[in-house]
Amino acid sequence: MAISKSDVMLAGLSREQLLDLHATMLLIRRFEEKAGEEYTLGKIGGFLHLYIGQEAVATGAIKPLRPQDVVISSYREHGHALVKGSDPNAVMAELFGRSTGVSKGKGGSMHIFDDQHNFHGGYAIVGAQMPIACGYGLAQKFAGKGDITMTFFGDGAVDEGAFHEAMNLAELWSLPVVFICENNLYSMGNALAKAWSVSSLEPRAAAYGMAYERVDGMDVLAVRDTAIRAIDRARNQSKPTLIEAMTYRFRGHSMADPATYRPKDEVELWRTQRDPIVLFEQKLREAGIDQETLTKADDRAIQIADAAAAFADSSPFPDLSELTQDVMIDPTGAIAWRRPRK
Amino acid sequence: MRTITYREALREAMREEMLRDERVIVIGEDIDGYGGTYAVTKGLADEFGRERVRDTPLAEEVIVGAAVGAAMAGMRPVAELMTMNFSLLASDQIVNTAAKVRYMFGGQTHVPMVIRMPAGGGAQRGAQHSQTLESWYAHIPGLKVVMPATPYDAKGMLKAAIRDEDPVLLIEHELLYGIKGEVPDEGVDFTVPLNRGEVRREGRDVSLITFSRCVHLCMQAAEELAKEGIEAEVVDMRCIRPIDLDLALDSVKKTNRAVVVEEGWKYYGTGQGFAALIYEYGFDDLDAPIQHVTGVDVPAPYAKNLEKAAFPVRNDIIDAVKRIVPQRVAR
Ligand SMILES: Cc1ncc(C[n+]2csc(CCOP(=O)(O)OP(=O)(O)O)c2C)c(N)n1
Ligand SMILES: [Mg+2]
């Protein structure tokens, strides 16, 4: 729908669009905080990697996509799935390992997959999603409908061979893939300076002749602008882009990580000065949106997160018969050998 | 003797070998700043410096590849991989380089390298983080593959592995790092050979042939069975390649019955390898078919109840024993 001039409040966006970005970031924040609480209570097991602090990246980048476009991410993927449209109840239930989870409780926090919303996976082997995204891009190119793939990964992932192989192939084959590196300055405890021989991804993109943009990942509007250019390049020219979004995770790598390797004042600085939600709310207030509207949105996000946890907690565990279901399409091929019936 | 954890035992092994031999270096992801994923390497960088204890970028292939190269060039690298699941990204260097160069270059070079990595499931870490893949590597001529189950073995085998002239994969278990056990006093130099298993418990009725964390499950099962008058012998194979087959055969000669117990998948795996060798060389000693307790033949599920059903528990071992030990044996 075209926006009439008078509707425009900020960066060419209507009040409605701005509030949608705001609500989405808040949803992720409150959802993740709730998940963290539930982990502490023992309702969620295994590894839990929270996205708190990075909300502007998923929100700004995924919102401009079409429903048919595909998003593929890592193990830090709850936020991406929520922006793509996944039901918070079903995502939370997956974290709880319940039958109502998006992946039937069989995947867990690191393995969200929501076919209905074209969120095609959280992958827990660092770097694995990038070659997979190339394959999706190739299929989309064959299909010729103008759909594209967007894939998210961390600053650690670009040190894996998979990144380099995917970059080269995507450019060589002109694949409609948007690669988004969420550079949060750490790969678990390893700081960027100890991992990268160069301090930005620009020369790496240049090595493959790929379009590159660096963006402030704490500024949702800037991320959105950058993403729109990359999406356009993918959709209309079938060309990949590498986006480096500068961001920070406010919590440890996972719930198991006390994150003692980061200087306290560094963490404090990001949390107090660079919180993407706080920064955006400042802009919204300056554009004339009243505090009450913002507070209401937060209340709503808290409600959704609480409801999701309640839904998950009241959902049943998967039936034990699920243990051997879904291994393969062909049930006889799924089991290496079955005792012949006497 | 002192009582220390499996984790401390591994750390002491590296520390002592670094003190003894300056060619020993330790490399891996997050082994310094983070203190090691399972805190095994904690403090090593402070003591030995960041030349010898190196955090690497997140890049398994170059970690192992560089370790291979450094070993060929005269160093004694210990490469830590965060978990065995990620060794698959380095499997080319392990299988096509580490295991092959000595042979294909006519014995002119060798690879005195150790790869340490934990395997195993049971902590709800999902399908990509719960695997036990030792059989993949044990299949390969040119590699040694060992899996200590106790702090004593962890220390002794790691020290032996570092001194070994060939590539050794030392596979730990994610759920064993906190267990405690007796280890010789500091300053007492000892190693555990990389080609010998050990009988953990004597018994006359059935042999439980096992390794790694399942050793502990088998010990518990044996205690339970003893209450019913069935005496199980627990055989810790601990060396997967080369295998101490005589130890298993001697045990079966005594008990005439065997249950092979492992956490990994059944088909084409370590346990089937053990069973095939026992059939081949100990057929005449067997009074019953070998039973095999394994993980269920599916990727590891996340949900708590499904995961519990996917990995072997003590009762699975007890049931398997009862299938082949006749009641009359129970005295
Ligand atoms: C191949 C592989 N190696 C190691 C790991 C363990 N691991 C999980 S996340 C992670 C750090 C990844 O950092 P980064 O790519 O920057 O993403 P972030 O966690 O910061 O979002 C590591 C080392 C893994 N899952 N896969
Ligand atoms: Mg990172």
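The values are calculated or read from the model by the stated rules, or taken from the named source; none is laboratory data. Because the structure is a prediction, the values reported are computed rather than measured. Please note: Cβ atoms are built from the backbone with ideal geometry, for glycine as well, and neighbour counts cover all protein chains shown. For the accessible areas, the whole protein counts, side chains as well, though only heavy atoms, and no ligand, DNA or RNA atoms are used. Shrake-Rupley method; radii C 1.70, N 1.55, O 1.52, S 1.80 Å.
All of A:ASP159, A:ASP219, A:ASP147, A:ASP225 fail the test of being at negative phi, within 14 Å of ligand 1 (Cβ to nearest atom) and acidic (Asp, Glu), apart from A:ASP159. Close contacts from the range A:106-127, counting a first residue that is on the phi > 0 side of the Ramachandran plot and a second that is part of a strand (DSSP E or B) and among the β-branched types (Val, Ile, Thr), with Cβ to Cβ under 7 Å and a gap of 6+ residues or different chains, come to A:ASN118/A:VAL70; A:ASN118/A:VAL71; A:GLY121/A:ILE72. Put simply, of B:ILE318, B:ILE240 the only residue that is assigned to a strand (DSSP E or B), outside the structural domain of B:ALA119 (by TED's automatic domain parsing) and farther than 20 Å from A:LEU320 by Cα is B:ILE240. Before we move on, is A:GLY288 more than 30 Å from A:ARG204 (Cβ to Cβ), assigned to a loop (DSSP other than H, G, I, E, B) and not hydrophobic (A, V, I, L, M, F, W, C)? The answer is yes for A:GLY288. Identify, by number, the condition in (1) within 11 Å of ligand 1 (Cβ to nearest atom); (2) closer than 27 Å to A:ALA222 by Cα; (3) within 14 Å of chain B (Cβ to nearest Cβ); (4) not in a loop (DSSP other than H, G, I, E, B) that A:PHE152 doesn't meet. Among (1) within 11 Å of ligand 1 (Cβ to nearest atom); (2) closer than 27 Å to A:ALA222 by Cα; (3) within 14 Å of chain B (Cβ to nearest Cβ); (4) not in a loop (DSSP other than H, G, I, E, B), the lone unmet condition for A:PHE152 is (3). Look through the range A:185-207, keep the residues that are among the small types (Gly, Ala, Ser) and under 15 Å from B:ASP30 (Cβ atoms), and return whichever of them is nearest to ligand 1 (Cβ to nearest atom). This residue is A:SER187. Annotation note: Cβ proximity below 8 Å between a residue of the range A:277-306 that is without any contact (Cβ under 8 Å) to a residue 24 or more places away in the chain and a residue that is surrounded by 14 or more Cβ atoms within 10 Å (Cβ to Cβ) (sequence gap 6+ or interchain) occurs for A:ARG285/A:LEU294. Of all the criteria given as (1) in contact with a Phe, Trp or Tyr (Cβ under 8 Å, 6 or more places away or on another chain); (2) away from ligand 1 (no atom under 16 Å from the Cβ); (3) open to solvent by 30 Å² or more (accessible area, probe 1.4 Å), the one not satisfied by A:ILE132 is (2). Of the residues making up the range A:75-97, those that are touching a helix residue (DSSP H, G or I) at 6+ places or on another chain (Cβ under 6 Å) and in contact (Cβ under 8 Å) with a residue 60 or more places away in the chain number 9.
If you go through the range B:200-242 and pick out every residue that is under 24 Å from B:GLY122 (Cβ atoms) and open to solvent by less than 50 Å² (accessible area, probe 1.4 Å), you end up with 21. Annotation note: of B:ASP32, B:ASP21, the sole residue that is farther than 19 Å from A:ALA157 by Cβ, in contact (Cβ under 8 Å) with a residue 40 or more places away in the chain, away from ligand 2 (no atom under 16 Å from the Cβ) and in contact with a Lys or Arg (Cβ under 7 Å, 6 or more places away or on another chain) is B:ASP21. Within the range B:125-171, the set of residues being within 14 Å of another protein chain (Cβ to nearest Cβ) and in a helix (DSSP H, G or I) comprises B:SER135 only.
Scanning the range A:238-255 for residues that are more than 12 Å from ligand 1 (Cβ to nearest atom), part of a loop (DSSP other than H, G, I, E, B) and not hydrophobic (A, V, I, L, M, F, W, C) returns A:SER238, A:LYS239, A:PRO240. For B:GLY122, all conditions in the list (1) away from ligand 1 (no atom under 16 Å from the Cβ); (2) within 22 Å of A:TYR75 (Cβ to Cβ); (3) more than 14 Å from chain A (Cβ to nearest Cβ) hold save one; what is the number of the exception? Going through (1) away from ligand 1 (no atom under 16 Å from the Cβ); (2) within 22 Å of A:TYR75 (Cβ to Cβ); (3) more than 14 Å from chain A (Cβ to nearest Cβ) one by one, B:GLY122 breaks only (3). Going by the structure shown, is B:ASP189 loosely packed, with under 15 Cβ neighbours inside 10 Å and in a helix (DSSP H, G or I)? No, not satisfied. Scanning the range B:40-91 for residues that are in a loop (DSSP other than H, G, I, E, B), open to solvent by 30 Å² or more (accessible area, probe 1.4 Å) and within 12 Å of chain A (Cβ to nearest Cβ) yields B:LYS42, B:ARG50, B:PRO57. Inspect all residues belonging to the range B:16-32 and state whether any of them is open to solvent by less than 10 Å² (accessible area, probe 1.4 Å), outside any strand (DSSP E or B) and β-branched (Val, Ile, Thr). Yes, that holds for at least one residue.
Once the range A:165-192 is narrowed to residues that are away from ligand 2 (no atom under 13 Å from the Cβ) and surrounded by fewer than 23 Cβ atoms within 10 Å (Cβ to Cβ), the residue that is nearest to the other protein chains (Cβ to nearest Cβ) is A:GLU165.
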